[in-house]
Structures are given as C-alpha cells and as structure tokens.
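Working notes for the structure below.
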Amino acid sequence: MISESTKVRFEREVAKYPAVQKQSAVMACLQIVQQEQGFVSPESEKLVADYLGMAPIAVHEVTTFYNMYNQRPVGKYKLNVCTNLPCQLREGTKALQHLEQKLGVAMGETTADGLFTLQQSECLGACADSPVMLVNDIHMCSFMSNDKLDQLIDGLKSAEA
Amino acid sequence: MTLPFYSKNSAFENLLQQFAATGVQTCFHGRHISPQILANLDGSNWHLSDYKDRGGYQALRKILGQDGGAGLTPDQVIAEVKASGLRGRGGAGFPTGLKWSFMPRQFPGQKYLVCNSDEGEPGTCKDRDIMHYNPHSVIEGMAIAAYAMGITVGYNYIHGEIFSTYKRFEAALDEARTAGLLGDNILGSNFSFQLHAVHGFGAYICGEETGLLESLEGKKGQPRFKPPFPASFGLYGKPTTINNTETFAAVPWIIRNSGAAYLECGKPNNGGTKIYSVSGDVELPGNYEIPMGTPFSKLLELAGGVRKGRKLKAVIPGGSSSPVLPASIMMECTMDYDSIAKAGSMLGSGAVIVMDDSRCMVESLKRLSYFYMHESCGQCTPCREGTGWLWRVVDRIHNGLGRQNDLDLLNSVADNIQGRTICALGDAAAMPVRAMIKHYRHEFEAMIKENTLQSAVLASPVQTVNRSASQA
C-alpha cells in the first residue's frame, strides 16, 4: 500500500510529464520511497510499477542501474565519501580511511549498532570542496577535514543518545 | 533500524547544515576576471528580485518586445547567438547558435528543450554553483532558447548528488512561475513555456545527452546510437535540443549586450567568458570565471598557485576524460577550446585538475580507470570489458606486478575501445590511458622494471633449489 501522503508526493512528480509518459517519474518516485523507507525493496518496486503502469522488471532495472538506490537496508546514516581523482589529490581517500578507523568498519560495511553505513563514492560534483561527503543522499558536507569528520560523527552519535 | 532513514529531527538537520557548502571559498572569492554569470553573487541574492536588480529577465523582455522595442524574431535570436561565438560549455564545444538552427522549427508536434545539469565529470562543479547561487540565469536562458526554437516544454536534469541544488532550482522555478516568467502567455505575450526540474540518482553516463534522454524517459541511462540526433529524434522521439547549464546561463547576457560584445570578451571562435573549476593541488580550489583565451598561468595564479609552494607537474585541463598535459606544455596554453586542442587535449567542461611534482601518475591513472570501469553502462562490449581490463592492468603495475609488455597491452586495449562504442565514455576511458603513457612512460616502466627484477631474483636457481628442498 502506498500511503496517501506518499501519493501526493508521487503525483507532484508525475505532473511534470505528459499524461502518457508517467514512467518518466520512476526515478523520483523511487527516491521518495528510499527517503521514507531507507531502501527500495522488491515490494516497493512492485507498488511503484503498478502506480506508474510499468512492468516491475523495468522498475528493477532502474533501481539496479543508478548508484544511489539502496537495494537493501543500510545504516541510519549513509556516508558516501568521494575518492575520485580530484578528491584523492585533496585528502578524499584519507577522509575515507579516517572514517574507517573511527567507525571500525571497512568501506561498504555498516556499524554493528546500525547507525552508520560507510561507502566510497564516485564524483559527487563538488570537487573544489574536497574532501566531500554525502549523508543520506541529500546532505552534501564540504571541506571535511578529520576534525570536522569527528565533529559530525560525534554529533550524530550524541543526537542518538 | 526501525527509525526512518532520513531523520526528520531538526538537531540532525542543523548539525549537517554546519558542513554545507557556502560558496565563499569556491564562488564569492572576488578572483574572477570580468565575470558575467558569477558577477555580484553573495549566496543570499539568488532570488528573483535580486536577479532582476542585476538586469535579469531584461533579455526575455527585450525579445518579447515588452520594453517598448519591436522584439526579436526567433531567427534574430539565433543569429545573435551565432554571432556571439558561444560554444557548448558541457564539454564538446559545439557552436550553440548552429545547434539551435538544427531544430525543425515548422515541426507540427511537441518539441522539447533539455538542460544537461548532470554534472558528473570528475573535476567539474561549476553548474552546481550557477544553479545554486544564480538559478534564474539558467531559467531565463532556457526561456530565450525555447522562444528561439518554438519549444513549449523544457526539463532541467540535475545531478542526483546535489539534491539541495535541485531543491533550490525548484524554488527558483516557483518564483518565475508566480511572476509570469514561465507558464502560459509569458508576460502577456503569446509565448508559452513550461519548465520542470528533475533529478538523476547517481549515474555518470546520464551526462551523455542520449543517456540523459533515456533516463528522463524513466529507463536505464544507456546512450542511443547516433544518428538520428536528438534534433530529429530526442525525448519521447520528438525533436529535442540539449545544452549545458552554463551555456544557457550565458545567453541572457548575449541578448542584453549583443553577440558581438560577447565575442569581444573572448577571442575569435571562442566567445565570452568561461567558468573553470580548478581542483587538486592548488592553494585555492574553486570556480573561476575568466574570459576565453586567458593564459593558464593567470588562472593558476588566481587559484593561489600550486599547493605548499611545490612545482607544477601536470594538468588535466578539461575534466578527467581529457588527456593529461605536462606542465611545460600547459604553461604555454591559453584557456580556450582551440589552444588546448592544439596542445593535444580538450577544454572539455573546463575542469582543471592540477597535479604537483609529488604525484605518482600510475596511481592517478589507476583511480581514473577504476572510475570508468565503475561507470561503464555495460551496453557495448569494447567499453564494458575494456574498461575493466584497463583498470586491472594499471592496478597490477601499481601493485608491483607489472609485466614487460603491459604498456603495449594498455595501448592496444585503448585502441580497441576508442571509436568502437555507441557513446564517448569508451573514448573517455581510453584517452587518459594513452596520454599518461605518452607523457609519463618512464614512471610506468620504472614500476614494471622493479617487478621484473624481483621476479628474476625469485626465479633464480638458488630460489628454485630452496623451494624444492622445502617441498621434499
């Protein structure tokens, strides 16, 4: 079941496209699902497919093609650190290593308390701000020195306490 | 993990807000030269009223004949853009006016205008700052383009990772709609244009224009074979024009001040100003808007010079896909399409990645090759298989396992990718490999030699004896 409030958000996206091209809204609908549920489950794909008049496999193709969709649950805070060349030249890789040490996980893993998932990411489009990190897909954090990373992680932990 | 993924709690929002980009370092540093798009911005003055104070929407009023003049015909608008020498700012550098003239203006059905803001070329972050701090320049530019080509519907496809910028652009669209600058009968004329913002969700390939169109249609972003070109078969199979964000943002200035004045700012065949994203080993990374044809040495100086007083080793002048150039060549270049092309590289998106003399080129190429392997859409065999092959070979050289013929192998794999794929991602993966080997062959050879020497020691008779002794 898609909730009424979610439907309102879906409708806003669908309205951007010609009536016979509802499928165009699939990326936005899946983003909304992820924002509300943390990941895109096969059940959600089916609901979105029904809503937009698509085959479920066509929705699944989208979920699996685009890097930012989570196909399984992740930590409450998903941290994506860019290590592409321009960031690598400006301590992006070191930022990732610092977080690995601080959180006690390797990239790609989630902390035992389920709070943090740490990932390496490709270009976030903020190269002059390096080191950069994207939190939960929508919050870009710039100039993340080790001190600021500590501040952010400690802050998030204490907000949970 | 039953809590919502995106915490609605304000403590979380406030905390993250502390780390958000402010644009102070990258955009409002006052080190531009004769800026047009990034002029007089401070981060808070992105609203419609601020934009109007800077002369915004005067160009749209002018073509619609709102301020007493006769207005401009679509042909006159295109002629003005042609005269400006404006070339596509997304990477290809195709003349914008010429592209606009390809649109079949008498086409009876729906036509579309698309802005490519899927800025994912490593090194590039200019479109983000344009849309975040001066969004109405893009909206006005798109409205003018739509008028010139008789288009009534447009989309701005924004890189998924810069979600706050997507939100900012949507807010700007609302302002423009409320003020009658978008929608039906704009400013009381009979020109109508609906513009929407949409976002990607993490796929480099969607910056390729036909990959972007597929994505806009709600599919995997796998590029289409060209021809047919988007001007005849684009979004939903309809004639479509696609330009980069910065290209659209340049248009209002051209219409306000004339194409000739824009051309005058740059140099022949390379009109206007260009925003360069300078990243890597400089003191002050950021976006710098300077006239086309400005010497590279001047740009480097604006960016504070090479970091920590080190020496310049190399520059990737137009985003990670463009061939690397050694310092000696780069310091002789001016920043424009023709000069960089003549030096053997590409101006591309204007992403200038600076590397100092401490950098290992094998390590740098390894990271780039990993990126292209990761982002290959998998559609064409030479790219899908070749990008992985390139990465594996560079990786083994970097890990001290390089073989004697590996450089020939890399060039051969690159040869078999380049020009043999549907889109340019294959070329983009191959070109950095060839350029790195061309200019820094000795670094690769040194690493390989070190390994072959070690292998020779391992394979020596003494070792063999020892090994068989331990087996016995």
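FYI, it's all coordinate maths here, none of it is from the lab. Because the structure is a prediction, the values reported are computed rather than measured. Using ideal geometry, Cβ is built from the backbone for each residue, glycine included, and neighbour counts are taken over all protein chains shown.
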- request: Could you check how many percent of all C-alpha pairs in chain B are farther apart than 31 Å?
  value: 47 percent
message: Let me test this: with uniform point scatterers at the alpha carbons of the stretch B:204-251, what is the Debye-based log₁₀ I(q)/I(0) at q = 0.26 1/Å?
response: -0.96
- line: If each K or R counts +1 and each D or E counts -1, the residues other than B:Lys313 whose Cβ falls under 11 Å of its Cβ total -1
field: Residues of type lysines that B:Lys52 reaches as a straight line, Cα spacing below 19 Å, ignoring anything fewer than 8 places off in the same chain
entry: B:Lys62
message: Explain nothing, just the number: relative contact order of chain B, from Cα pairs under 8 Å at least 6 residues apart, as a whole percent.
response: 15 percent
- line: At the level of C-alpha centres, the distance separating the stretch B:207-255 and the stretch B:364-413, in angstrom, is 30 Å
Virtual spin-label span in nm between B:Thr178 and A:Glu4, 7 Å along Cα→Cβ: 2.7 nm
task: Take the Cα radius of gyration of the stretch A:1-87 and divide it by 2.2 N^0.38 Å, with N its residue count; two decimals is plenty.
output: 1.17
- line: Among A:Lys46/A:Lys102; B:Lys126/B:Lys342; A:Lys22/B:Lys82; B:Lys111/B:Lys220; A:Lys7/A:Lys102, the pairs whose Cα-Cα distance exceeds 30 Å are A:Lys46/A:Lys102; A:Lys22/B:Lys82; A:Lys7/A:Lys102
message: Tell me the Rg and the Dmax, in Å, that the Cα atoms of the stretch B:127-189 produce.
response: 12.0, 37
query: So which aspartates and glutamates pass the test for B:Lys226, namely a Cα distance under 13 Å, with those fewer than 8 places away in the same chain ruled out?
result: B:Glu208, B:Glu209
For B:150-161, mean number of other protein chain Cβ atoms within 10 Å: 3
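Sort largest first and round to whole Å: the equivalent ellipsoid semi-axes of the stretch B:251-356, each the square root of five times a Cα gyration tensor eigenvalue. Could the numbers behind the result be given before it?
Details: eigenvalues 124, 42, 23 Å².
Result for the stretch B:251-356: semi-axes of 25, 14, 11 Å.
Could you rank the peptides B:96-109, B:423-436, B:118-131 by their average count of other C-beta atoms within 10 Å per residue, with the highest value first? Could you put the intermediate results ahead of the total?
Details: B:96-109: 15.8, B:423-436: 23.2, B:118-131: 30.1.
Result, highest mean Cβ count within 10 Å first: B:118-131, B:423-436, B:96-109.
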- line: In the neighbourhood of B:Val81 defined by beta carbon distances under 12 Å, the net charge of the other residues (Lys, Arg +1; Asp, Glu -1) is +1
Shape parameters for the stretch B:22-151, alpha-carbon atoms, Rg then Dmax in Å: 16.0, 48
field: Summed side-chain charge close to B:Val251 - residues other than B:Val251 whose Cβ falls under 13 Å, Lys, Arg +1, Asp, Glu -1
entry: +3
message: Need the list of lysines near B:Lys366 for cross-linking: C-alpha distance under 19 angstrom, and skip anything on the same chain fewer than eight residues off.
response: A:Lys94, B:Lys313, B:Lys438, B:Lys449
query: Regarding the protein assembly as shown, what are the three Cα extents along the principal axes, ordered largest first, in Å?
result: 97, 61, 45
query: Mind listing P(r) for the stretch A:15-161? All alpha-carbon pairs, 10 Å bins, whole percents.
result: 11, 36, 29, 18, 6, 0
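Calculate the mean, over all residues of peptide B:271-282, of how many other protein chain Cβ atoms lie within 10 angstrom of the residue's Cβ.
Values: counts 0, 0, 0, 0, 0, 0, 5, 3, 11, 9, 3, 3.
Mean shielding by partner chains, rounded to a whole number: 3.
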